[in-house]
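The values are calculated or read from the model by the stated rules, or taken from the named source; none is laboratory data. Source: prediction; values computed, not measured. In this analysis, Cβ positions are derived from the backbone assuming ideal geometry, glycine residues included, and neighbour counts consider all displayed protein chains.
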């Protein structure tokens with residue numbers, strides 16, 4: 001899939017969150033930044049117990 005199509009799909013919200021994250025991961029490969037890849041992997045697969053969950057992922061109950 002072309003990068004421009006991935007970007008269009010992300011921008012117009014025509015795909016679900018899981019698909020958007022997976023496509024974002026494809027785009028992030030070019031940056032060769034382990035932190036970004038780690039973040040997107042956590043968002044896709046879940047945060048392990050030994051990693052602090054970001055504030056935007058926390059809900060009060």
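Here are a few things to note about the model shown:
- Taking the range 10-26 as the range and being modelled with pLDDT under 85 and either out of contact with any helix residue (DSSP H, G or I) (no Cβ under 7 Å at 6 or more places or on another chain) or over 22 Å from residue 42 (Cα atoms) (or both) as the test, the residues that pass are 13, 14.
- For the range 27-37, filtering for residues that are within 20 Å of residue 47 (Cβ to Cβ) and either in a loop (DSSP other than H, G, I, E, B) or over 14 Å from the mean Cα position of the chain (by Cα) (or both) leaves 1.
- Test set (1) modelled with pLDDT of 90 or more; (2) surrounded by 10 or more Cβ atoms within 10 Å (Cβ to Cβ); (3) more than 15 Å from the chain's Cα centre (by Cα) - residue 50 fails condition number: (2)
- Any hit, the range 1-8, residues being in a loop (DSSP other than H, G, I, E, B) and surrounded by fewer than 13 Cβ atoms within 10 Å (Cβ to Cβ): yes
- Within the range 9-23, the set of residues being part of a loop (DSSP other than H, G, I, E, B) and either over 15 Å from the mean Cα position of the chain (by Cα) or touching a residue at least 60 places away in the same chain (Cβ under 8 Å) (or both) comprises just one member, 14.
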